[in-house]
Amino acid sequence: MPPTPLNPNDPDLAGARLAASVVVLRDGDSGPEVLMLRRAERDGDIRSGVWVFPGGVLDATDGLLHEHCDGEDDAAHSTRLGLARGALDYAVAAVRECFEEVGLLFAHGSLPAAVAERHAMQSGEDFVALCQRHDLRLATSALVYHSHWLTPPGIAKRFDTRFYVARLPDGQQPQADEGEALEIAWLTPAQALDKERRLKLLPVTRRTLQDLGRFTSVQAILDEAAARVNPPRHMPRLGCNAQGVRPVLPDEWAYAEIGRLDPQGRGDIWFELPPLRAVALSERVMRVTCGNGSVMTGPGTNTYLIGAPGGPLAVLDPGPDDADTEAHLQAVLQAAAGRPITRIIVTHTHKDHSPAAQRLHALTGAPLVGLAAVHPEWQDTVFAPDHAPADGERLLLGEGCTLRAVHTPGHAANHVCWLLEEEKLLFTGDHVMQGSTVVINPPDGDMAAYLGALEKLLAIDLDWFAPGHGFLMARPHDELRKLIAHRLAREAKVLDALRTLGPCSDEALVPTVYGDVPSSRHALALRSLRAHLGKLLAEGRVCDDGNLLRLS
């Protein structure tokens, strides 16, 4: 019986062939080295000529060799791999494929005689017979489970592959079979990734090499892999840009959005946010990104058009008033496709979010909804709302399209997130950004208020974030917990620094508290540090004598 997933109806697994691969390692003068092989050239095969680790698809006979394996039984392997049963087949397949392709045999017994018969093997049945004939015991205990990768939906040949790491067996040397493996090489991860070497690498191979490059010894790699608990499944998705289609990895910003908009793998959802391009995020929501990308704004400020299908629209955060505003507003009106704009809503009045509201109001006559600035610094002080929403107030934008105001001060005193109730989608403005934390700049910014607003959002049933900068974000409660943990960890560093340094100025704390931040951004970090200090001062945990800060 082949390996059985815990959820056999998982749509991501549909059509994927089961496979196993082993990353063979040895210690070298410059650190761990990885055995790489170049696959045969075949027309129409995306793996043609690529450099990979030994491996291949499972065979129906792999399950016959469980009794010939040392180490843990199938039940233990299945628990580790998150399967109902049959996981030991993957380890057997990894051993078999490694032997077939590069002549390395992870086994105990009459190895020289078995290795001599390698080229006579034609099938999995031959490998079973080889093991029985030479009384081999497969050293599956030498293989440490490392990771799980699925080929993206939309690719003709999909593989559900389990990766192992293992040390080169004593006394053995690899040799290419010159069939599946045209050539082999021992390379450090850095060498394999070196652009000058121009190795053709699959995304999974590249990412695995990047992971292995963190370590200084083979033993460190094996120990870290053995300590992993329930390693997640990684499944790239096909995305595109103006140059074409490529796999998008799970840690790339566009990944969750591509999964929402294209679960089948058509490959027509962009992994970039070019300005002025309208993107339909659902039947109720479109997005147009401003051309104001920068270090502070990421790819640019997102303007959202929200409304019931075919009905009037609200425009959220129309963006800055700059040289590109006219083109941006025309792109917004074009995305509206003749549907009337009846509200212009802002999350807050920082100058990359609200100033274009005045010009859009002049074009449409739509009323302005939001809160006026409390402090003038960095603010659009011209913004004067026609309606200031109360916390929890609902705006009906059409049948089955309801926005609820959620007051979230902290980044700005007048910040409001907006919840599209029917989709459990929260427009976060700058309260939650993708890829970075937001600056909390007193006096308008308030760290205690910010943390309180994050906790407030944890109590709301949410499925998605639509941030002011970046792509749609999945698992919003996980993001909120990460942000809270990050801010509290930074607060702890403030207290530790004061404990170590003694009385000092806030500027003196920055290099210690923000040692993980490039020095070029320490001026911005100082603003957030002052927000942390304001919270600690208000709580009585730190005191300020007017010149120096100290623990209370």
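Read the figures in this text as sums done on the coordinates, not as results from a lab. Note that the structure is predicted; figures quoted are calculated from it, not measured. Cβ coordinates were reconstructed from backbone atoms using ideal geometry, including for glycine residues, and neighbour counts include every protein chain displayed.
For LYS482 and ASP506, the difference between the fully extended length at 0.36 nm per residue and the C-alpha to C-alpha distance is 6.1 nm. Normalised by the number of residues in the stretch 218-340, the average gap of Cα pairs under 8 Å and 6 or more apart makes the relative contact order 16 percent. Only Cα pairs under 8 Å and 6+ residues apart enter the sum, and on that basis the relative contact order of the chain stands at 9 percent.
Projecting the Cα positions of THR188, PHE163, THR151 onto the charge dipole of the stretch 150-213 (unit charges on Cβ atoms of Lys, Arg, Asp and Glu, taken about the Cα centre) puts THR151 furthest along the positive direction.
The distance from the alpha carbon centre of the stretch 334-378 to that of the stretch 76-119 is 63 Å, rounded to a whole number. The mean sequence separation of alpha-carbon pairs under 8 Å and at least six residues apart, normalised by the residue count of the stretch 28-166, gives a relative contact order of 20 percent. Each Lys and Arg Cβ is given +1 and each Asp and Glu Cβ -1; about its Cα centre, the chain then shows a dipole of about 600 debye. Backbone amide hydrogens, once placed in the peptide plane, bring PHE159 within less than 5 Å of ARG17, THR151, excluding anything fewer than 5 places away on its chain. A straight chain from ALA40 to ALA523 at 0.36 nm per residue would run longer than the Cα-Cα distance by 168.5 nm.
Within 9 Å, Cβ to Cβ, of PRO152, how many net charges do the neighbouring residues add up to if Lys/Arg are +1 and Asp/Glu are -1?
+2
Whole-Hz Karplus values for the stretch 81-96 come out as 8, x, 10, 6, 6, x, 5, 5, 4, 5, 5, 4, 4, 4, 5, 5 Hz, taken residue by residue from phi with 6.51 cos²θ - 1.76 cosθ + 1.60 and θ = phi - 60°; glycine and proline positions read x. Straight-line cross-link partners of LYS535 among the lysines, defined as a Cα under 28 Å from its Cα and at least 8 positions apart when in the same chain: LYS351, LYS456, LYS482, LYS493. Computed from the C-beta positions of GLN264 and ALA116 and an R0 of 51 Å, the FRET efficiency is 0.55 to the nearest 0.05.
Positive end of the dipole of the chain (Cβ unit charges, origin at the Cα centre): among ALA114, HIS234, CYS504, the Cα lying farthest that way belongs to CYS504.
Computed about its Cα centre, the charge dipole of the stretch 64-122 is approximately 80 debye, with only Lys, Arg, Asp and Glu carrying charge at their Cβ.
Restricting the stretch 174-234 to GluC sites (Glu not before Pro) that sit in a DSSP loop and have at most 14 other Cβ atoms within 10 Å of their own Cβ leaves GLU178.
Remark: the VAL382-ASP126 segment gains 84.2 nm on full extension, using 0.36 nm per residue and subtracting the alpha carbon distance.
Using the beta-carbon distance between ALA278 and LEU537 and R0 = 51 Å, what value does 1/(1 + (r/R0)^6) give for FRET efficiency, to the nearest 0.05? Efficiency at R0 = 51 Å is approximately 0.65. Starting from the Cα of LEU551, step 7 Å toward the Cβ, then list every residue of the stretch 513-544 with an amide N under 18 Å from that point. Correct set: 513-514, 533-544. For the stretch 372-449, GluC sites (Glu not before Pro) are listed when DSSP marks them as loop and at most 12 other Cβ atoms sit within 10 Å of their Cβ; the list is GLU377, GLU399.
Which of the trypsin sites (Lys or Arg not before Pro) found in the stretch 185-247 are loop residues per DSSP with 11 or fewer other Cβ atoms within 10 Å of their Cβ? Hits after loop and neighbour filter: ARG198, ARG214. Spin-label model, ARG339/ARG26: points 7 Å from Cα along the beta carbon direction are separated by 6.3 nm. Since only GLN210, ALA256, ASN9 are under comparison, the one whose Cα sits farthest along the positive direction of the charge dipole of the chain, derived from C-beta charges on Lys, Arg, Asp and Glu, is ALA256. DSSP finds beta bridges in the chain, and of those with both partners inside it, around 70 percent are antiparallel. For the stretch 1-75, the square roots a ≥ b ≥ c of the C-alpha gyration tensor eigenvalues yield an a/c of 1.5 or more together with a/b not exceeding b/c, which makes the shape oblate.
With both labels modelled 7 Å from their Cα along Cα-to-Cβ, the ALA176 to ALA362 distance reads 6.7 nm.
Does the chain come out rounded, prolate or oblate by the C-alpha gyration tensor, with a ≥ b ≥ c the root eigenvalues, rounded set by a/c under 1.5 and, if not, prolate when a/b is larger than b/c and oblate if not?
Working: a/c = 2.62, a/b = 1.79, b/c = 1.46.
Because a/c hits 1.5 or more and a/b exceeds b/c, the chain counts as prolate.
Taking K and R as +1 and D and E as -1, what net charge do the other residues with C-beta under 10 Å from the C-beta of ALA60 add up to?
Residues close to ALA60 contribute a combined charge of -4.
Straight-distance candidates among the aspartates and glutamates for linking to LYS157, with alpha-carbon spacing under 14 Å and chain neighbours fewer than 8 residues away dropped: ASP12, ASP43, ASP45.
Using only side-chain charges placed at the Cβ, +1 for Lys and Arg and -1 for Asp and Glu, the dipole size of the stretch 130-201 relative to its Cα centre rounds to 300 debye. Computed from backbone phi, the HN-Hα couplings of the stretch 181-195 come to 10, 6, 7, 10, 7, 9, 9, 6, x, 5, 5, 5, 8, 4, 4 Hz, rounded to whole numbers (Karplus: 6.51 cos²θ - 1.76 cosθ + 1.60, θ = phi - 60°; Gly and Pro given as x).
Antiparallel beta bridges, as assigned by DSSP with both residues in the stretch 219-321, represent about 95 percent of the total such bridges.
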